[in-house]
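The values are calculated or read from the model by the stated rules, or taken from the named source; none is laboratory data. The shown structure was predicted, so the numbers you read here are calculated from the model rather than taken from an experiment. Cβ placement follows ideal geometry from the backbone for every residue including glycine, while neighbour counts extend to all protein chains displayed.
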Amino acid sequence: MSKSGKYGKWLRGHNAVIKINDVLFLHAGLNTQWITLSLDRINADIRKALQTGRGRGGLLGSSGPMWYRGWASQHAAEVAAQCDPVFKKYGVKHAVIGHTPQRGITPLGNGRVLAIDTGMCAYYGGTPAALVIDKGGYHAVYPGRKPVALKVDYKPTAAKSQVNIQYPLRLRFRPAYTVYPAYGGSTEGGAGTFEPLCRNPNRSTHDNVRCDCPAGDAFVA
């Protein structure tokens, strides 16, 4: 996977963000801080950073297209508010992302974003899936099942300063690091962060994928 390796060299030859018709394809998402740049500039800067270890390194960080989870981890209205400026800048109506596992291919942000990481690896236990985009619309395809039509129609909305949360917001603390001593046990520490679990107080259990309760629009990363 190094820059001189067979696969690393191949990967570095591709763009990180591409636009096909009115759809944006990228691994994770894109913070609005980068919309001053063209897609060509974003791709060039990422390629330069990967090749040299220098350049616009922020694009390789948590706000860039490789890691940003804002399009998949927040309330639908917040996702929509984040996407609208990006979509307007690049002239698209939808985006297709991976990176954040879902329980099947999932429209987010009222249909703006199609999250297609279904957690196929053994750790998540997800199912293989494919997104089909054609004149008939957007469909999720799973083994042994008929294609599932996805609701992607929406009307752009103005950004809101606050979101009407119907349920109390519960948080989980994620430590900054975990140390596993040689003789068993673990020690968690660091400043860490608080992450949303679910807005439904009647939901008592969650796993490491999107909450599936009726009020579950928060993602457990």
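Structure notes:
- Of all residues in the stretch 1-13, those being assigned to a loop (DSSP other than H, G, I, E, B) and under 28 Å from VAL86 (Cα atoms) number 1.
- Residue, surrounded by the fewest Cβ atoms within 10 Å (Cβ to Cβ), within the stretch 1-42, restricted to residues that are in contact with a strand residue (DSSP E or B) (Cβ under 7 Å, 6 or more places away or on another chain) and β-branched (Val, Ile, Thr): ILE18
- Count of the stretch 1-48 residues, restricted to those that are within 17 Å of LEU60 (Cβ to Cβ) and under 19 Å from the mean Cα position of the chain (by Cα), is 15.
- Subset of the stretch 112-125 [modelled with pLDDT of 90 or more and either more than 11 Å from the chain's Cα centre (by Cα) or more than 22 Å from CYS83 (Cβ to Cβ) (or both)]: ARG112, THR118, GLY119
- Checking each residue in the stretch 120-135 for being part of a loop (DSSP other than H, G, I, E, B) and either β-branched (Val, Ile, Thr) or within 20 Å of ALA95 (Cβ to Cβ) (or both) picks out THR127, ALA129, LYS135.
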